[in-house]
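Student: Once you've had a glance at the structure underneath, I'll fire off some questions.
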Amino acid sequence: MKKRIEVEIYNQTFIVNSEDDERSIRQIASYVDQRLRHKGEAAKTAVPLRVAIMVALDIADEYQKMLQREADSQKEIERLSAEHRKALQREADTQKEIERLSALILERIAQEETSDHAASPAKYQPKT
């Protein structure tokens, strides 16, 4: 349900109709007021509309840059995720190769033991 919240921005009172909580609206209004006051002090014009437009342009620029950083971050996350998946696949492939080679080694050891038994049967005969 929308609430009517009264805020003061740059010495003017505004009624904001919003479903957002009042604290959040007041924080936003305070931020805008601070930006207007800062820009108004630094600007060569005292016309409130000009100050408001300059601040709106500054905020829009910051917003666009933030969106670009977010998009760049998302691309980097996707790139790193793909690298991570490849690394996990290499690890799985390496583990399979280790298992294959281990099986071959054990098979060869068994073959050598078998051929050793055949070559010298007396060596393994119990003494009587």
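Bear in mind that the values in this text are calculations on the coordinates, not laboratory data. None of the values given here were measured: they were computed from a predicted structure. In this analysis, Cβ positions are derived from the backbone assuming ideal geometry, glycine residues included, and neighbour counts consider all displayed protein chains.
Student: I'd like the full set of residues that are of a type in the set (Val, Ile, Thr) and within 9 Å of Tyr10 (Cβ to Cβ), limited to the range 25-54.
Tutor: Val32, Val51
Student: Something else: Among the residues of the range 62-77, is any in contact with a Lys or Arg (Cβ under 8 Å, 6 or more places away or on another chain) and either in a helix (DSSP H, G or I) or without any contact (Cβ under 8 Å) to a residue 24 or more places away in the chain (or both)?
Tutor: No, the conditions are met nowhere in the range 62-77.
Student: So, in the range 1-38, how many residues would count as being of a type in the set (Ser, Thr, Tyr) and in contact (Cβ under 8 Å) with a residue 24 or more places away in the chain?
Tutor: So the count comes out to 1.
Student: Still on this model: Out of Val47, Val51, Val32, Val55, report the one residue that is aliphatic (A, V, I, L, M), more than 26 Å from the chain's Cα centre (by Cα) and closer than 26 Å to Met1 by Cα.
Tutor: Selected residue: Val32, the only one of Val47, Val51, Val32, Val55 that is aliphatic (A, V, I, L, M), more than 26 Å from the chain's Cα centre (by Cα) and closer than 26 Å to Met1 by Cα.
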